[in-house]
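Colleague: Just dropping this structure here.
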Amino acid sequence: TQSAGPRGVRDMIRSRPLISFFVLANALSWAAWLPYILSENGLGLWAFRFPDVLGSSQILGVLPGAYLGPIFSAFLVTAIVDGGKGLRTWVRRLWRWKVAPRWYAITLLGVPVGMLLTGLVFSGGQIAAPSVSAIIAFVPILLFQMVTTGLAEEPGWRDFALPRLQFRFSPLKAAFILGPLWGAWHLPLFLTDWGGYPDASWTRPLVFLAFCVAFNIVMSWVFNRTGQSLPLSMLMHVGVNTFASVMWVEVFPSLDGELALFAMAAGAAVAAVAIAIATRGRLGYAAPKTDRTSAAGPTPGDTT
């Protein structure tokens with residue numbers, strides 16, 4: 001019988017690294033978000049409102065839990081399971097900036113173009129020019145989200161979980177596993193102003209989950225085709241967030257929050273289907289040249 005002490009916990013994590021990561025990522029983030037959920041920014045059971053920092057209460061209410069969840073859990077599980085070698089592999093993907101220039105163009109321009117086309121369809125062609133302030137703010141907010149949302153989430157979901165899932169399952173199946181789990185991690189935040197509570201309808205979390213499933217397929221393709229470059233995954237992730245928060249309401253004023261999210265989910269679904277068909281479900285994945293018994297996780301060469 002395994003000990004219930006530290007050694008027993010480490011053995012359990014070593015035997016089930018993926019499950020351990022997902023459990024830790026959710027448990028740590030949700031526990032850290034509980035004050036925000038209970039505060040006046042959420043359910044209102046605690047007579048306290050998180051102060052705004054840079055115009056948003058989410059900096060203090062959401063970001064600490066985001067850092068404590070995916071990135072910390074990935075670091076901890078990798079250190080226990082794979083030791084220093086695994087951590088170096090994990091970190092190398094985080095600094096893999098050297099990819100073919102076309103992938104920067106696809107990532108930085110593809111997201112706005114795709115969202116513009118989707119917005120045109122769902123707004124009936126009603127489009128407006130963004131304000132000068134929105135244009136000026138776009139790049140600084142994009143860079144800020146790189147070190148907040150991007151850095152908090154992507155080292156866990158894409159750097160840790162996706163390579164391991166693809167090592168065990170087909171790329172498309174791995175994407176369908178990770179997408180709902182990634183989306184479900186956000187669900188408690190729908191009880192706060194992050195998710196539009198209390199005005200948002202009950203369908204918003206469902207549409208958000210659909211968006212995460214579809215967009216995760218697109219991100220998996222970019223991750224694989226860039227030789228598992230995490231910075232490119234981060235850029236794609238925060239590109240959607242930044243365009244949605246800064247430009248969407250400016251360019252498509254007729255699209256409200258609910259319809260805007262539905263439009264984003266529909267656009268991501270079209271892109272996901274196109275990529276899945278074009279790659280025959282491989283999503284750009286190249287089988288790693290490594291011993292399949294290795295626990296450190298596959299690291300294929302740059303496929304750009």
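The values are calculated or read from the model by the stated rules, or taken from the named source; none is laboratory data. The structure displayed is predicted, hence computed values, not measured ones. Here the Cβ positions follow ideal geometry from the backbone for every residue, glycine too, while neighbour counts run over all protein chains shown. Side chains are part of the model used for accessible areas, which takes the heavy atoms of the whole protein and leaves out ligands, DNA and RNA. Shrake-Rupley method; radii C 1.70, N 1.55, O 1.52, S 1.80 Å.
Colleague: How do 33-42, 7-16 rank on mean C-beta neighbours within 10 Å, highest first?
Modeller: Ranked from most to least packed, the peptides come out as 33-42, 7-16.
Colleague: Listed highest first by mean packing, meaning other Cβ atoms within 10 Å per residue, what order do 183-192, 247-256 come in?
Modeller: Put in order of decreasing packing, that is 183-192, 247-256.
Colleague: With the Cα gyration tensor of region 24-87 in hand, convert its eigenvalues to equivalent ellipsoid semi-axes via √(5λ) and list them largest first in whole Å.
Modeller: In descending order the semi-axes read 30, 12, 5 Å.
Colleague: Evaluated at 10 °C with a viscosity of 1.306 mPa s, what Stokes-Einstein diffusion coefficient in µm²/s does region 108-209 have when Rh comes from the Kirkwood expression over alpha-carbon pairs?
Modeller: 95
Colleague: How far apart, in nanometres, would the label points at ALA134 and ALA200 be if each is projected 7 angstrom from Cα along the Cα-to-Cβ direction?
Modeller: Using points 7 Å along Cα→Cβ, the separation is 2.0 nm.
Colleague: Give me the Kirkwood hydrodynamic radius of region 160-300 in Å, from all C-alpha pairs, to one decimal place?
Modeller: Every distinct Cα pair counted, the radius reaches 16.2 Å.
Colleague: Okay, moving on. For all pairs of alpha-carbon atoms in region 1-123, what percent lies in each bin of width 10 Å, listed from the first bin to the last filled one?
Modeller: Reading the bins upward from 0: 11, 23, 24, 30, 10, 2, 0.
Colleague: Once you have the Cα-Cα distance between ARG14 and ILE127, take 0.36 nm times their residue separation minus that, and quote the gain in nm to one decimal.
Modeller: Between ARG14 and ILE127, full extension yields an extra 35.4 nm.
Colleague: Along each of the three principal axes of the Cα atoms of region 151-219, give the extent in whole Å, ordering the values from largest to smallest.
Modeller: Principal axes ranked by extent give 41, 22, 16 Å for the Cα atoms.
Colleague: Next question. Starting from the Cα-Cα distance between ALA47 and LEU87, subtract it from 0.36 nm times their residue separation and give me the gain in nm to one decimal.
Modeller: Using 0.36 nm per residue and subtracting the Cα-Cα distance, I get 10.2 nm.
Colleague: What helices in the chain pass both tests, a Cα length along the helix axis of 15 Å or more and a mean Kyte hydropathy of -1.0 or higher, using whole DSSP H runs?
Modeller: 17-38, 72-94, 101-122, 132-145, 171-185, 203-225, 230-242, 257-278
Colleague: In square angstrom, what is the accessible area per residue of the chain with a 1.4 angstrom probe?
Modeller: 47
Colleague: Let me ask another. Roughly how large, in nm² to one decimal, is the mean projection of the convex hull of the alpha-carbon atoms in the chain?
Modeller: Reported value for the Cα convex hull: 17.1 nm².
Colleague: Sticking with this structure for a sec: What is the ratio of the Cα radius of gyration of region 53-168 to 2.2 N^0.38 Å, where N is its residue count, to two decimals?
Modeller: 1.35
Colleague: Which value at 222 nm does the chain reach when only helices count, each DSSP H run of 4 or more adding -39,500 (n - 2.57), with the total divided by all residues and rounded to the nearest 500 deg cm²/dmol?
Modeller: Calculated from helices alone, the mean residue ellipticity at 222 nm is -20000 deg cm²/dmol.
Colleague: Sticking with this structure for a sec: For ARG102 and LEU34, what does the FRET efficiency come to when R0 = 45 Å and r is the distance between their Cβ atoms, rounded to the nearest 0.05?
Modeller: After rounding to 0.05, the efficiency reads 0.55.
Colleague: Turning to a different aspect of this structure: Roll a 1.4 angstrom probe over the protein heavy atoms and tell me the percent of accessible area of region 150-250 that is carbon or sulfur.
Modeller: Answer for region 150-250 is 68 percent, counting heavy atoms of protein chains only.
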